[in-house]
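Comments concern the structure below.
The values are calculated or read from the model by the stated rules, or taken from the named source; none is laboratory data. Just so it is clear, the model here is predicted, and its values are computed rather than measured. Here the Cβ positions follow ideal geometry from the backbone for every residue, glycine too, while neighbour counts run over all protein chains shown. When the accessible area is computed, the model is the full protein with side chains, heavy atoms only, and any ligands, DNA or RNA have been set aside. Shrake-Rupley method; radii C 1.70, N 1.55, O 1.52, S 1.80 Å.
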Amino acid sequence: MTDLRAAVAAGVFGTDEAFRALLQSTVETARAIFHAKASSAFLLDEETDELVFEAVAGEGADTLIGRRFPSSTGVAGWVLVTRQPLVVDDLSKDTRFSRDTAASTGYVPRGMMAVPLLVEYKALGVLEVLDRSADTPFTLAEMDLLGLFANQAAIALDLLLRARTAKSVLDGADADVAATARLAAALDGLEGKKRESALALLAALEALLK
């Protein structure tokens, strides 16, 4: 019940699609800002120890969502494990780059920037920006800007995980627990007089049940 209370308290019950849309918007904006061919956000699946494509803009957008690979693989794996951002202008000369993994996605980049997605020092995944349309290398100075997108993506991933946790707990809960969670989620979405009235009703019900 702890995970369920935390998720409902955060207002994320039933909002999986909304947070996925936020994550997709983040990668699309990052791609546009850096004039890149692609941008991707990966989520760490702790149960399987894999990185999962959760949002993709540009190359691979139609085919890569849901694709998985071992969390220690390639540049993304290095960034996840070390929690350090990385700029690589020529991936063909970098031993951390996994060409086979990239080839399996249908797109082999020349250069990239990658940053970890951190929430309270916990690594949730990785954000990557791949290849510029022009022959302009990525720079260390731009890492700070990508870091802003990483913060946004990390928040979206965290909320997405909470929403999925809430749904998972509810799917296995009995009817009474599920009804209580739905009530709490509905209450959290109310504002103004409706919220005041609902709280008053709950207070009256609590007094009646004592």
**OP:** Please enumerate the residues belonging to segment 65-111 that are in contact with a helix residue (DSSP H, G or I) (Cβ under 6 Å, 6 or more places away or on another chain) and more than 25 Å from THR136 (Cα to Cα).
**Re:** PHE69, SER71, THR73
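In segment 31-56, how many are under 20 Å from GLY77 (Cα atoms) and either in a loop (DSSP other than H, G, I, E, B) or open to solvent by less than 40 Å² (accessible area, probe 1.4 Å) (or both)?
Here is the first cut: in segment 31-56, the residues under 20 Å from GLY77 (Cα atoms) are 38-56.
Narrowing further to those that are either in a loop (DSSP other than H, G, I, E, B) or open to solvent by less than 40 Å² (accessible area, probe 1.4 Å) (or both): 38-49, 51-56.
Residues meeting the conditions: 18.
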Subject >> Residues that are buried (at least 16 other Cβ atoms within 10 Å of the Cβ) and either free of Cβ contacts under 8 Å to residues at least 24 places away in the same chain or aliphatic (A, V, I, L, M) (or both), drawn from segment 103-117 >> reply: VAL108, MET112, MET113, ALA114, VAL115, LEU117
**OP:** Considering only residues that are of a type in the set (A, V, I, L, M, F, W, C) and in a helix (DSSP H, G or I), look in segment 63-102 and name the one that is surrounded by the most Cβ atoms within 10 Å (Cβ to Cβ).
**Re:** ALA76
**OP:** Tell me which of these GLU128 doesn't satisfy, since it passes every other one: (1) surrounded by fewer than 20 Cβ atoms within 10 Å (Cβ to Cβ); (2) acidic (Asp, Glu); (3) outside any helix (DSSP H, G or I).
**Re:** (1)
Subject >> Matching residues, segment 58-73, being in contact with a Phe, Trp or Tyr (Cβ under 6 Å, 6 or more places away or on another chain) and not β-branched (Val, Ile, Thr) >> reply: GLU59, GLY60, LEU64, ARG67
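If the requirement is being modelled with pLDDT of 70 or more, part of a loop (DSSP other than H, G, I, E, B), open to solvent by less than 70 Å² (accessible area, probe 1.4 Å) and under 30 Å from ALA32 (Cα atoms), which of these qualifies: PHE138, PHE149?
On the way: PHE149 fails: part of a loop (DSSP other than H, G, I, E, B).
On inspection, the qualifying residue turns out to be PHE138.
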